[in-house]
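Chemist: Just dropping this structure here.
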């Protein structure tokens, strides 16, 4: 039996973009840098992935273009800023709940080490 979820799982790129935008509006390069920071350098999102995902996310109503500019004198006026929408916030929350469930399941099955060691 299959049921259609109102919030289907997000692709990794969409998840990282929504997570980056959850802390504020950003332009494309700012999103890429935030994804890199959030992932501790593990995810390097290229421009093609970013802008292809943003286009689909705009069409799906997950993000919107913003009129906001950080500082018009210091900012390139061609930069487009993006912000997460209510629909995007709900989709991100649903994805985080899925992750939470998976982590809980992995802990029950004793699949997770007590601490994570990156680069080991």
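Chemist: Can you compute the modelled spin-label distance between residue 58 and residue 43, with each label point 7 Å from Cα toward Cβ, in nm?
Modeler: It works out to 2.1 nm between the two label points.
Chemist: With a point put 7 Å past each Cα toward its Cβ, work out how far residue 33 is from residue 103 in nm, to one decimal.
Modeler: With each label point 7 Å from Cα toward Cβ, the separation is 2.7 nm.
Chemist: Assuming 0.36 nm per residue, please report the length gained on full extension of the stretch residue 23 to residue 110 beyond their Cα-Cα distance.
Modeler: Roughly 28.1 nm would be gained on extension.
Chemist: Calculate log10 I(q)/I(0) of the stretch 12-108 for q = 0.14, 0.19 Å⁻¹, where I(q) comes from the Debye formula with a single equal point scatterer on each Cα and nothing for solvent.
Modeler: Those come out to -0.54, -0.92, one per q.
Chemist: Fewest first, what order do 38, 59 take by the number of other Cβ atoms within 10 Å?
Modeler: Going from sparsest to densest Cβ surroundings: 59, 38.
Chemist: Could you list the square roots of 5 times each eigenvalue of the Cα gyration tensor of the stretch 1-66, that is, the equivalent ellipsoid semi-axes, sorted largest first and rounded to whole Å?
Modeler: Taking √(5λ) for each Cα gyration eigenvalue gives 22, 14, 11 Å.
Chemist: Got a sec? How would 65, 95 order by Cβ neighbour count within 10 Å, fewest to most?
Modeler: 65, 95
None of the figures in this text is laboratory data; all of them are computed from the coordinates on show. All values reported here derive from a predicted model rather than from experimental measurement. Glycine gets a Cβ as well: all are built from the backbone with ideal geometry, and neighbour counts include every protein chain shown.
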